[in-house]
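For reference, the structure is listed below as structure tokens.
The values are calculated or read from the model by the stated rules, or taken from the named source; none is laboratory data. Computed from a predicted structure; not experimentally measured. Positions of Cβ are backbone-derived with ideal geometry, glycine not excepted, and every protein chain shown enters the neighbour counts.
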Amino acid sequence: MYQEVILDHYKHPHHRGLREPFAAEVHHVNPTCGDEVTLRVTLSDDKDTVTDISYDGQGCSISQAATSVLTDQVIGQSVGDAIKTVAAFTEMISSRGNVEGDEDVLGDGIAFAGVAKYPARVKCALLGWLAFKAALAEARPLGEALAEARPLGEALAEARPLGEALAQASDDMEDKR
């Protein structure tokens, strides 16, 4: 079933196509495989709610489907809740299969739980999510957003730092060569 969710989002991406107006735009590239995404985020006038995300990109089914899922999950959420959702996805995908993830928080994002067992694909799944986080930081000072996302600090303290996960994934890829 999860493969079907990923393929459906890849073949029929949601919110694809760059739209205006937008509060911030970022372009991220995965240098390992060449996947890329340009992502725009729009916030409400009070900058408290994610009102739109649009993107364009190219890459593998994992990177493109994960970005489509991201848009479905966070559009309409408060900035604080969106940050919590990104943290939950990052924790799950960086866990090497040790964290199942919460379907109530992640929705279709739970379909990527199996990707965590393939370190070379973790960067693919995270590409759009990290682009969103960067765009959000540009659109709204991250300190304000993090203050609303409490107890995100505790969750992040327990989660393996993303940098470590990406470094490990890169090391694992080198070991397989």
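Structure data summary
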| quantity | calculated |
| --- | --- |
| Test for L39: is it within 16 Å of the chain's Cα centre (by Cα), surrounded by 15 or more Cβ atoms within 10 Å (Cβ to Cβ) and more than 16 Å from A131 (Cα to Cα) | no |
| Flag if Q77 is at pLDDT 95 or above, closer than 17 Å to T42 by Cβ and of a type outside the set (A, V, I, L, M, F, W, C) | yes |
| Residue list for the range 42-58, filter: surrounded by 13 or more Cβ atoms within 10 Å (Cβ to Cβ), farther than 15 Å from V74 by Cα and of a type outside the set (D, E, K, R) | G57 |
| Among the residues listed as L130, L166, the single one being surrounded by 13 or more Cβ atoms within 10 Å (Cβ to Cβ), modelled with pLDDT of 95 or more and either within 21 Å of T38 (Cα to Cα) or in contact with a strand residue (DSSP E or B) (Cβ under 8 Å, 6 or more places away or on another chain) (or both) | L130 |
| Residue match in the range 153-162 (condition: part of a helix (DSSP H, G or I) and modelled with pLDDT of 95 or more) | no |
| Pairs where the first residue, in the range 1-20, is modelled with pLDDT of 95 or more and surrounded by 15 or more Cβ atoms within 10 Å (Cβ to Cβ) and the second is of a type in the set (A, V, I, L, M, F, W, C) and outside any helix (DSSP H, G or I), C-beta under 6 Å, 6+ apart | H15/I53 |
| Long-range neighbours under 7 Å by Cβ, at least six apart or interchain, first residue under 14 Å from G107 (Cβ atoms) and touching a residue at least 12 places away in the same chain (Cβ under 8 Å) within the range 47-75, second part of a helix (DSSP H, G or I) and polar (S, T, N, Q) | Q73/T85; V74/T85 |
